[in-house]
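Enquirer: Can you read through this structure? Questions will come right after.
We did not get these values from a lab; they are worked out from the coordinates using the rules stated. Every value quoted in this text rests on a predicted model; they were computed, and no experiment measured them.
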Amino acid sequence: MTALAHRIHALSPEAREAALPVERPYPLPADIAATCGATP
């Protein structure tokens, strides 16, 4: 596990969400999205 995972695991459940980094969507090229039926 990474150091960040260890620090977050040590927090109370209420504090964990605030400590997590903001999620960023991974860009999916349209041709790959079409191949696997996903939305870009």
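Enquirer: Could you pull the Cα extents of the chain along its three principal axes, largest to smallest, in whole Å?
Expert: Computed over the chain, the largest-to-smallest principal extents equal 41, 20, 13 Å.
Enquirer: Divide by every residue of the chain the summed helix terms, -39500 (n - 2.57) for each DSSP H run of at least 4, and state the resulting mean residue ellipticity at 222 nm, rounded to the nearest 500 deg cm²/dmol.
Expert: Details: 3 runs with 22 residues, N = 40.
Calculated at 222 nm, the ellipticity per residue is -14000 deg cm²/dmol.
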